[in-house]
Amino acid sequence: MSTVRSPDHRSEQHGSHRSVRSSHSAGLRHVLTHLITPLLMCIGMGLAYLGAFANPAPHHLPVAVVGSGRSAQLLAQSINDKADGDLEVRTVADRAAAVDGLKHQEIFGAYVIHAQGAPKASATGTTKPSVKGAEKASAKGAQEGAEGDGAGAGGTAAVSAKAAPELLVATAGSDTSASVVQKVFTPVAAQQGAPLKVTDVAPTAEDDPTGQGIFFLLVAISIGSYASVAVIGGAGAVLPVRLRAALAIGTSFVAGLIGTAFAGPVFHLVDHGLRGLWGMAWLYSAGILLIGTGLHTFLKRWTTLGVMALFVMLNFTSSGGVFRPEMQNGFFAALHSFWNGAGFVEGTRSHVYFDDYGLSGHVWTLGWWLVAGLLMVGAAALAEKRRRTAEAEVAANAAAVAAAAVAATVPEPTRKRGSRTARSSAGGAGTEAGAGGADADVTAAAAVAAEANVEVEMEMEEAVGV
C-alpha cells in the first residue's frame, strides 16, 4: 500500500535540505577564508628564502693581499679591475695586520705572497673563473708579479716548499665567505707553481665545523618565541596587557635558557661565554614576544602571519647565518645592519670567536628591538583602554534604553483599574517578549564566544604547526 506524503511534509523535507546546503556553504566559506593565511605564508617564504639564498654571489667582498712590493700591488689591482665589483681587494703591510683585519671582520681573506722567484707563467691559462673573472685576474696578477720578482732574482724556475703562498681565513666569521675567497686565490698559488696553504685564524668550535650551528640556534629560539605569541595573545586575551607582558618576559627568560642549554652542554656549539649567550638570547626572544603580544591587539588572527613575516621571512634571511650580507643582494644586506636576528648571530660570533670585538653594537641592536616591543605593548594597552571605554558607554546606553522601556510598562496611578489591568496584561506580554529577547541575546553572546574560541585555537594551531 503506497504512502501518500502531504504537501507540508514535502515542504519540510525541502527546507531541511536547504538548511544542510546552507550549513555546508557557510563551512566552506569559513575554511577558504582561513586558507588565505597559509597560502600567504607560502608566498612570503618563497619570496624571502629564494630571494635571499637562490643565487648567492659576492658584492664588494673585502679581501687583502699581504705585501707592499710591486707584485702585491699588481695582484690587488688586477683582481679589482676584473672582478667587476664582486671583490674589494686592498693591500696590507704584513701578516700581523692581515690577522688583525680578519679578527675584526674588516676582511674575509688575506693572500700572503712568500715566493721570491716564481717562474714566469704560461700565456694561456686553463683555470675557469669562478667569481666573474676574479680567478683569471688573480692568475694574471700573479704572473705579472712573478715577472717583476723573477727579473730581480734571475728568473729562477724553482720555488721552495718553504716559500709556498698562504691564504688566511676566519671561518668563524663565515664559512661560505671563506670558501669563496679560497676559490679566488687557489689559481694564484697554482700560477706560482706551489700548493696553497690555508690557515684559519679564527676556527669554529669542534662540534660546529661550518659555524652554522648559531643560525639553527636562532631558528629554535625564534620559533619558540613567535609560537608563544599566539598562546599569550590568544588564550590570554582576557588578561590585562601588563600581565600578558609579564608572561612574555617570563617566557623569553625560559626560551633563553633552553637555547643556552642547546648551545652548550647538549650540542657543544659553544665552549665558553654561555652567560653572555643567554643574555643575548633573552634580549632577542623578549623583543619578539613583546612585539608579537602588542601586535595581537591590532592584528588578531593575522598575528601569526605578521610575526612570521617579521621574525622568519625577513629575519632568518638577513641574519648572516648562512650567507653574510656581502654575499647577498642589497635588500637583505641592508636589513642585516639593524635586524634583530643579525644582532643575535653577529653578537654571538663576536662574543664567542672574536674577543667581543663589535659586541656592544650588536647588543644595542637587540636592545632597540626590546624597546620597540615595550612601545608596542604600550600602544596595545592604550588601544584596549579606549575599546573598553567605548564598550562601557554602549552598555550604559543600552541599560538606559532598557530602564526607559521598563518604566514605560509601569501603570500610572490616575488610570482606572480596568486600564491598569489591561496595561498589566500588556506589560506582562512585553515582559515575556523582553525575556525572550534577553534569551536571544544570551544565545548570540554564547555563539560569539564560541566563535572567538575557535579563532584562538586555529591561530595557535597555525603558529605551532608552522
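The values are calculated or read from the model by the stated rules, or taken from the named source; none is laboratory data. Given the structure is predicted, the values throughout are model-derived calculations rather than measurements. Every residue, glycine as well, gets a Cβ built from its backbone with ideal geometry; the counts of neighbours run over all protein chains shown. Note: accessible area is taken over every heavy atom of the protein model, side chains too, but ligands, DNA and RNA are not part of it. Shrake-Rupley method; radii C 1.70, N 1.55, O 1.52, S 1.80 Å.
How do the pairs read when you match residues in the range 236-257 that are within 16 Å of Gly279 (Cα to Cα) and touching a residue at least 60 places away in the same chain (Cβ under 8 Å) with residues anywhere that are assigned to a helix (DSSP H, G or I) and open to solvent by 60 Å² or more (accessible area, probe 1.4 Å), using Cβ under 7 Å and keeping only pairs 6 or more apart or on different chains?
Note: no pairs meet the criteria.
Scan the range 71-98 and report the pairs whose first residue is charged (D, E, K, R) and whose second residue is in a helix (DSSP H, G or I), with Cβ atoms within less than 8 Å and a gap of 6+ or a chain change.
Cβ pairs passing all conditions: Asp81/Ala137; Lys82/Ala134; Lys82/Lys136; Lys82/Ala137; Lys82/Lys140; Asp86/Ala134; Glu88/Asn80; Arg90/Ala76.
Scan the range 60-84 for residues that are closer than 28 Å to Val322 by Cβ, modelled with pLDDT under 90 and either acidic (Asp, Glu) or open to solvent by 30 Å² or more (accessible area, probe 1.4 Å) (or both) and jot them down.
If the condition is that a residue be closer than 28 Å to Val322 by Cβ, modelled with pLDDT under 90 and either acidic (Asp, Glu) or open to solvent by 30 Å² or more (accessible area, probe 1.4 Å) (or both), then Asn80, Lys82, Asp84 are the ones that fit.
Given Trp368, Trp302, Trp339, which one is modelled with pLDDT of 95 or more, farther than 22 Å from Gly211 by Cβ and not aliphatic (A, V, I, L, M)?
Unique residue meeting the criteria: Trp368.
For the range 230-257, what are the residues that are of a type in the set (Val, Ile, Thr) and more than 17 Å from Asn340 (Cα to Cα)?
Val231, Ile232, Val238, Val241, Thr251, Val254
Residues being within 18 Å of Leu314 (Cα to Cα), part of a loop (DSSP other than H, G, I, E, B) and open to solvent by 40 Å² or more (accessible area, probe 1.4 Å): count how many of those fall in the range 332-386.
So the answer is 2.
Please name all residue pairs, on different chains or six or more residues apart, with Cβ atoms under 6 Å, provided the first residue is in the range 295-311 and is under 17 Å from Ser225 (Cα atoms) and the second residue is of a type in the set (Val, Ile, Thr).
Leu295/Thr303; His296/Thr303; Leu305/Thr37; Val307/Val229; Phe311/Ile288
I'm trying to understand the selection: among the residues of the range 312-331, which are assigned to a helix (DSSP H, G or I), surrounded by fewer than 24 Cβ atoms within 10 Å (Cβ to Cβ) and in contact with a Phe, Trp or Tyr (Cβ under 9 Å, 6 or more places away or on another chain)?
Selection gives Val312, Met313, Phe316, Pro325, Glu326.
Would you tally the residues in the range 264-294 being without any contact (Cβ under 8 Å) to a residue 60 or more places away in the chain, closer than 22 Å to Asp207 by Cβ and touching a helix residue (DSSP H, G or I) at 6+ places or on another chain (Cβ under 6 Å)?
3
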